[in-house]
Amino acid sequence: MSSQPLELEARILWKTGRLFKFLKWPSAHEVNFGTFVVEFDFNNGQLWARYPDGRNLEIGTFTPQKRGTSITSIVGPIRIAGDYLVELQPATEQQSAAISCKNHASDELLAQFKMDDGEGEWRVAERISLIPVIEGRDAFLKILYTEKDLELAVVLASLTVFLRFSV
């Protein structure tokens, strides 16, 4: 990355019970980025960044999915800001899950990476780095990106954090 990269961390959002705060379970459709939460609205085929102050920013669209879907089972491409298409290839018996990213206008493949590509980082066109981190019981994805690539970095990180760390 040529200029000073920006940094985010992505974690699976954990829900808690209203009456029993000690009960926790992972969300199947939300990723916590610290300053905002990314939510996949499967019924409407929309991807939202939700901020604590009530602001909502649509960052992507995809084909509406059936109720009960999780992030790791989205079928079809996710279109980001009109410029990029990100697609998840689910795991099969022969290969692990993979993510591909294309420039929508030129159909140029920017990156394709598999979840079994090791413990190192995944890079997207030298502009985005996704680095899995495990520190004790905390597992998260460190994201280095350029300002113009925020939406693309957030979508790639959301898919990757679920594929890499969900049980």
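The values are calculated or read from the model by the stated rules, or taken from the named source; none is laboratory data. These numbers were taken from a predicted model, which means no experiment stands behind them. Don't worry about glycine lacking a Cβ; one is built from the backbone with ideal geometry, like all the others, and counts go over all protein chains shown.
If the condition is being among the aromatic types (Phe, Trp, Tyr) and exposed (fewer than 15 other Cβ atoms within 10 Å of the Cβ), then segment 29-59 contributes only Tyr51. The set of residues from segment 73-90 being modelled with pLDDT under 80 and either at positive phi or surrounded by 15 or more Cβ atoms within 10 Å (Cβ to Cβ) (or both) comprises Ala81, Gly82.
Selection over segment 25-45 of residues that are assigned to a loop (DSSP other than H, G, I, E, B) and at pLDDT below 90 gives a count of 2.
For segment 122-153, enumerate the residues that are part of a loop (DSSP other than H, G, I, E, B) and either in contact with a Leu (Cβ under 6 Å, 6 or more places away or on another chain) or modelled with pLDDT of 85 or more (or both). Correct list: Ala125, Arg127, Thr146. Across segment 102-124, what is the total count of residues that are closer than 18 Å to Leu88 by Cα and either touching a residue at least 12 places away in the same chain (Cβ under 8 Å) or touching a helix residue (DSSP H, G or I) at 6+ places or on another chain (Cβ under 7 Å) (or both)? Result for segment 102-124: 13. Assess whether Gln94 counts as being out of contact with any strand residue (DSSP E or B) (no Cβ under 8 Å at 6 or more places or on another chain) and over 17 Å from Asn43 (Cβ atoms). Yes, satisfied.
Quick check, is Ser100 out of contact with any Cys (no Cβ under 9 Å at 6 or more places or on another chain), of a type outside the set (A, V, I, L, M), more than 14 Å from Asn44 (Cα to Cα) and assigned to a strand (DSSP E or B)? Taking the combined requirement at face value, the residue satisfies it.
For every residue, the table says whether it meets (1) more than 14 Å from the chain's Cα centre (by Cα); (2) more than 18 Å from Leu6 (Cβ to Cβ).
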position	(1), (2)
Tyr51	yes, no
Phe62	no, yes
Lys66	yes, yes
Ala81	yes, no
Ile99	no, yes
Ala139	yes, yes
Ile143	no, no
Ala153	no, no
